[in-house]
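Everything below concerns the one structure shown next.
Just so you know, all these numbers are worked out from the coordinates, no wet-lab data involved. Here the structure is a predicted model, which is why all the values come from computation and not from measurement. Positions of Cβ are backbone-derived with ideal geometry, glycine not excepted, and every protein chain shown enters the neighbour counts.
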Amino acid sequence: MARPFNLRVYALISNEHQQILLSKERRNGVEFTKFPGGGVEPGEGILDALHREVMEELGVNISKATFFYFNEFFQASSFNPSEQLVAFYYLVELSNEDSLELTPKIPQGSQDRSDFEHALWANKTPLLLETLSFPVDRKAMEKLLP
């Protein structure tokens, strides 16, 4: 039986202090830490999804996005193991980084008032890979580090 694909897109955003932007989130009672980004909607291109997700989560526009990585290995979705996850990662520069929304907020479309998303800067080194909740994010971070 064929597995449905779950397409995801994530932004790798660094600053001049050798920090990377992470997103701490709680959805449906599960807390996790990941890179900013999320699902590609039906009829949406990968880059369009990246721009939309960055605007929704961070309230800023992308000035430049350069393809960096996608998982070349099988990964079942952590939230729906019957789906095969395909995640695309882009090195992203923001057009208005000073306007980044770094305060906790309820995710767009969430009906659960205990859900949250909170963007924060973390030092790239020594960022423990275990800080990232998902195996594909850890692999992308490994490739990003010198």
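When ranked by the protection proxy of mean other Cβ atoms within 10 Å per residue, highest first, what sequence do the peptides 95-102, 17-24, 135-142 form?
135-142, 17-24, 95-102
Explain nothing, just the number: dipole magnitude of the chain about its Cα centre with +1 on each Lys and Arg Cβ and -1 on each Asp and Glu Cβ, in debye rounded to the nearest 20.
Computed charge dipole of the chain: roughly 360 debye.
Could you grab the relative contact order for the range 14-146? Cα pairs under 8 Å, six or more apart, rounded to a whole percent.
In percent, rounded to a whole number, it is 32.
For q values of 0.11, 0.12, 0.17, 0.26 Å⁻¹, compute log₁₀ I(q)/I(0) with the Debye formula on a Cα-only model of the range 50-146, without solvent.
Scattering profile of the range 50-146, log10 relative to I(0): -0.40, -0.49, -1.03, -1.39.
Between Gln19 and Leu127, what length comes free when the chain is fully extended (0.36 nm per residue of separation minus the Cα-Cα distance, one decimal in nm)?
38.0 nm
Assuming 0.36 nm per residue, please report the length gained on full extension of the stretch Thr103 to Leu91 beyond their Cα-Cα distance.
Gain on extension, Thr103 to Leu91, equals 2.1 nm.
Test of the criteria: in the range 45-110, which chymotrypsin sites (Phe, Trp or Tyr not before Pro) are in a DSSP loop and have at most 11 other Cβ atoms within 10 angstrom of their Cβ?
Filter output for the range 45-110: Phe73, Phe74.
Starting from the Cα-Cα distance between Arg113 and Phe74, subtract it from 0.36 nm times their residue separation and give me the gain in nm to one decimal.
This chain segment gains 10.7 nm when fully extended.
Could you point to the residue in Thr66, Ser99, Gly29 farthest towards the positive end of the chain's charge dipole, with +1 and -1 charges on the Cβ of Lys/Arg and Asp/Glu respectively?
Positive-most Cα among the choices belongs to Gly29.
In nm, to one decimal, how far is the Phe5 label point from the Glu83 one, both placed 7 Å along Cα→Cβ?
Here the modelled spin labels are 1.4 nm apart.
What fraction of the DSSP beta bridges in the chain is antiparallel, stated in percent and rounded to the nearest 5?
Once the DSSP bridges in the chain are tallied, antiparallel ones form about 75 percent.
Can you pull the semi-axes for the range 1-120, root of five times each eigenvalue of the Cα gyration tensor, sorted largest first, whole Å?
Equivalent ellipsoid of the range 1-120: 23, 19, 13 Å, largest first.
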